[in-house]
1. Among the residues of the stretch 16-29, which ones are assigned to a loop (DSSP other than H, G, I, E, B) and under 19 Å from the mean Cα position of the chain (by Cα)?
2. All but one of (1) assigned to a helix (DSSP H, G or I); (2) touching a strand residue (DSSP E or B) at 6+ places or on another chain (Cβ under 9 Å) hold for Val59; which doesn't?
3. Write out, first by first residue and then by second, each pair whose Cβ atoms fall under 8 Å of each other, whose residues are 6+ apart or on separate chains, and whose first residue, in the stretch 251-272, is touching a residue at least 12 places away in the same chain (Cβ under 8 Å) and among the aromatic types (Phe, Trp, Tyr) while the second is surrounded by 11 or more Cβ atoms within 10 Å (Cβ to Cβ) and in a helix (DSSP H, G or I).
4. Identify, by number, the condition in (1) over 22 Å from the mean Cα position of the chain (by Cα); (2) in a loop (DSSP other than H, G, I, E, B) that Thr280 doesn't meet.
5. Would you please name the residue that is surrounded by the most Cβ atoms within 10 Å (Cβ to Cβ), looking only at residues in the stretch 89-148 that are under 22 Å from Glu253 (Cα atoms), touching a strand residue (DSSP E or B) at 6+ places or on another chain (Cβ under 6 Å) and of a type in the set (S, T, N, Q)?
6. When you go through (1) aliphatic (A, V, I, L, M); (2) at pLDDT 95 or above; (3) out of contact with any Asp or Glu (no Cβ under 6 Å at 6 or more places or on another chain); (4) not in a helix (DSSP H, G or I) one by one for Ala114, which number turns out not to apply?
7. Among the residues of the stretch 203-232, write down those that are among the small types (Gly, Ala, Ser), farther than 29 Å from Val72 by Cα and surrounded by 17 or more Cβ atoms within 10 Å (Cβ to Cβ).
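The values are calculated or read from the model by the stated rules, or taken from the named source; none is laboratory data. Bear in mind the structure is a predicted one, so any value in this text is a computation, not a measurement. Positions of Cβ are generated from backbone atoms using ideal geometry, with glycine treated the same way; all protein chains shown enter the neighbour counts.
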Amino acid sequence: MKLNQPEAVLFIPDGQEQGSALSRTTELCIAAHQDDIEIMAYGPIVSCYGREDRWFTGVVVTDGAGSPRSGVYADCTDEAMKKIRAREQIEAATIGKYGAQFLLSYPSSHVKNAQNDDVIKELAEIIEICNPEVIYTHNFADKHDTHIAVAIRVIAAIRMLPKEKRPQKVYSLEVWRGLDWLCDEDKSVFDTSSHRNLASALLGVYDSQIAGGKGYDLAVLGRRTANATFCADHATDDSDSMAYGLDITPLMEDDSLDVTDYTVNYILKFKREVEDRIATFG
C-alpha cells in the first residue's frame with residue numbers, strides 16, 4: 001500500500017512480501033508515538049511472540065518530533081529526533097518479531113486537528129488490509145492530548161468500514177494514566193509475566209527517551225508489577241506482572257454511541273462504588 005506522508009515507512013522484520021505480511025495480522029495496535037506500543041501492548045505482543053499462527057502489527061501515527069530531551073539528546077533538532085525515534089521503533093519491531101510495523105509520520109498537530117480526515121482514511125485502509133481479530137489503542141481517560149486524538153481517529157476509522165470488515169474486539173490500554181481505577185468487573189486483564197527479558201529489551205531500545213529524561217523502562221515494569229499485586233485484595237497473586245485495558249468494542253458495534261458518554265459512564269460507575277463503600281461503613 002502507498003502511505004500518505006513522504007517520510008512514512010512500512011517495515012516488515014522478517015522480509016515477508018507486503019501483502020502476506022499484513023494479511024497474517026491477528027493483533028493490531030495503533031498508537032500515537034514511538035514507544036507507546038511497547039508500553040501499553042506488551043500483553044498482545046508476547047502472546048504472538050515466536051508463533052506462526054498469531055501475528056502482531058504495530059502502527060505509530062505521529063513522527064515523534066516533539067518528545068522531551070536532555071543529556072546527550074538535549075541539542076537534537078526535531079528532524080534528528082524523528083529519525084532516532086523511527087530507528088528505535090524499527091529495532092523494537094525486530095526484537096519483538098512483529099509481523100509488520102507502520103510509521104505514518106504525521107505531525108502531532110495534524111492528528112489533533114479534527115478537520116483532517118486523511119489520518120482516519122489511512123487508518124481505515126490499514127485496518128481493512130490487515131483485517132485483525134483485535135485492535136488495541138489508547139484509552140480515552142489518558143491525559144496526553146495526542147493519545148486521545150489517536151484513539152478518537154481509530155474509532156472513526158473502524159466506523160468507516162462495513163460491519164463485516166471490522167475486528168472482533170477493540171481494547172483501550174494504559175500509557176499516560178493507568179486503568180486501575182476501573183471497577184474490577186470492567187477491567188480487561190493482560191498477562192505480561194512471560195519473557196521478562198523481552199519486556200525489558202523492548203523498552204530499553206528507546207534510549208532517546210530513557211537517557212533523554214524519562215525512566216519508562218522502570219516505570220512501566222513497576223506499573224505492571226503493581227497491577228498484579230493490587231489486582232485482588234483478598235487473594236494471592238495469579239501473576240507477577242499484568243496490564244489493564246478497557247473493552248471498547250461497543251463503540252465499534254454501535255456507531256451511535258458517543259465516546260465521551262461511554263467513557264464517563266465508567267467514571268461515574270467508579271464514583272458510585274466509592275460512595276457505596278463509604279456509606280456502608282460511615
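1. Taking the stretch 16-29 and keeping what is assigned to a loop (DSSP other than H, G, I, E, B), we get 16-17, 24-26.
Within the stretch 16-29, Thr25, Thr26 qualify.
2. (1)
3. Tyr262/Leu251; Tyr266/Asp186
4. That leaves (2) as the condition not met.
5. Checked the stretch 89-148; the qualifying residue surrounded by the most Cβ atoms within 10 Å (Cβ to Cβ) is Thr137.
6. Unmet condition: (2).
7. Narrowing the stretch 203-232 to residues among the small types (Gly, Ala, Ser): 204, 208, 211-213, 215, 219, 222, 226, 228, 232.
From what's left, farther than 29 Å from Val72 by Cα: 226, 228, 232.
Once the filter is applied, which keeps residues that are among the small types (Gly, Ala, Ser), farther than 29 Å from Val72 by Cα and surrounded by 17 or more Cβ atoms within 10 Å (Cβ to Cβ), the stretch 203-232 yields only Ala228.
Results for (1) farther than 20 Å from Arg177 by Cβ; (2) among the small types (Gly, Ala, Ser), shown as yes or no for each residue.
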position: Leu3; (1), (2): yes, no
position: Val9; (1), (2): yes, no
position: Pro13; (1), (2): yes, no
position: Thr25; (1), (2): yes, no
position: Ala41; (1), (2): no, yes
position: Arg51; (1), (2): yes, no
position: Val61; (1), (2): no, no
position: Asp75; (1), (2): yes, no
position: Lys82; (1), (2): yes, no
